[in-house]
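Student: Take a look at this one; I'll ask things after.
FYI, it's all coordinate maths here, none of it is from the lab. The structure displayed is predicted, hence computed values, not measured ones. Note that we place each Cβ from the backbone using ideal geometry, even for glycine, and neighbour counts take in every protein chain shown.
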Amino acid sequence: MNRKDDDTWLYTISSKRKLIDFNFKEIWRYRDLLMLFVKRDVITVYKQTILGPLWYLIQPLFTALTFTLIFNKVANIDTGSVPPFLFNLAGISVWNYFKTCLTSTSDTFKSNASIFGKVYFPRIILPLSIIISNLLKFGIQLLIFIAFYIYYYSQGANINITSSLIFFPLLVILMGLLGLGLGMIISSLVTKYRDLKFLVTFGVQLLMYLSAVMYPLALMREKLPKVAWLVEYNPVAYIIETARYMLLGEGTIHYYGIVFTIIVTMVILFFGIIIFNRTEKTFIDTV
């Protein structure tokens, strides 16, 4: 086909891609498909379950109750003026959004190989749809948190929403981008190293205990100063600690920690896009 004929095509699909190619124009062109994937993620996951979307509520409630019994009643972890159950529910709700973003996007290539092998669309739409659909689940869990917040507040609990709450949406976006970047890297590696999927399941569970979900960050520094660096170099811990401060007025905002988290998130997202773009060219031969 000569040059003149080639110019008559509306779109040209080629395996030749730039090293960094976050094509916003193309993603916008496929926005309807993005919304269809979001709808699919929300509906089909619990379509054939008995309780359906109620699982969004049951999981954080039972986890918060378990943490309260084990870490606060048995291990005597102090949560200050905040009721232990509310303290744990806030941390778990925030953690669950990051965890589901990470675990769901980390299986993008393998779980959608049949779609990728049949039709072209920007592959990054799928992990993006997961990040957006998880916002709905996160919103439902926040409503439950608000209900318990109102209950404890009416009972005279010393809890206060801080003015920094206006930045909470930015914190949620930061969580989503961090989960997206890590998920794209892991998803790309899973196409070649299948056993990495099992390591991710174990690693996420371990990461939860290193992310200050069930304890204040200051407590780790006080009780275990020699290993506190494992938490202090974990960007997720600063996100959860900051979220709890915004929602409950307990703890402090570590500004250096937030800056550190933003830098780490951008670096991970940067490399995630590079690795994802390189993998999507050849993954169908290895998945």
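Student: I need Glu26, Glu232, Glu241 ordered by Cβ neighbour count within 10 Å, fewest first. Please list the in-between numbers first.
Tutor: Details: Glu26 14, Glu232 17, Glu241 26.
Least crowded to most crowded, the residues run Glu26, Glu232, Glu241.
Student: Ok, one more. Going highest first, how would you order 147-156, 164-173 by mean Cβ packing within 10 Å?
Tutor: Working: 147-156: 12.1, 164-173: 14.1.
Top of the packing list down: 164-173, 147-156.
Student: Right, something else. Among Leu126, Leu224, what is the fewest-to-most ranking by other Cβ atoms within 10 Å? Show your work: numbers first, answer last.
Tutor: Working: Leu126 22, Leu224 12.
Least to most surrounded, the residues fall as Leu224, Leu126.
Student: Quick check: residue separation of Ile70 and Trp55 times 0.36 nm, minus the Cα distance between them. What number comes out in nm?
Tutor: Details: separation 15, 0.36 × 15 = 5.40 nm, distance 2.23 nm.
That pair, Ile70 and Trp55, stretches by 3.2 nm at full extension.
Student: While we're looking at this one, here's another question. Tally Lys and Arg at +1 and Asp and Glu at -1 over the other residues with C-beta under 14 Å from the C-beta of Phe168: what net charge comes out? Write down the numbers at each step before the final one.
Tutor: Numbers: positive: Arg244; negative: Glu241.
Once positives and negatives cancel, what remains is 0.
Student: If you don't mind, there's one more thing I want to ask. Which of Lys110/Lys192; Lys39/Lys137; Lys110/Lys137; Lys110/Lys197; Lys99/Lys197 have a Cα-Cα distance over 19 Å? All intermediate terms of the calculation are to be shown ahead of the outcome.
Tutor: On the way: Lys110/Lys192 10 Å; Lys39/Lys137 12 Å; Lys110/Lys137 23 Å; Lys110/Lys197 10 Å; Lys99/Lys197 14 Å.
In this structure, Lys110/Lys137 lie more than 19 Å apart at Cα.
Student: Moving on to the next point. In the neighborhood of Ser211, defined by Cβ-to-Cβ distances under 13 Å, what is the net charge if each Lys or Arg adds +1 and each Asp or Glu adds -1? Show your work: numbers first, answer last.
Tutor: On the way: positive: Lys99, Arg244; negative: Glu232, Glu241.
Here the count lands on 0.
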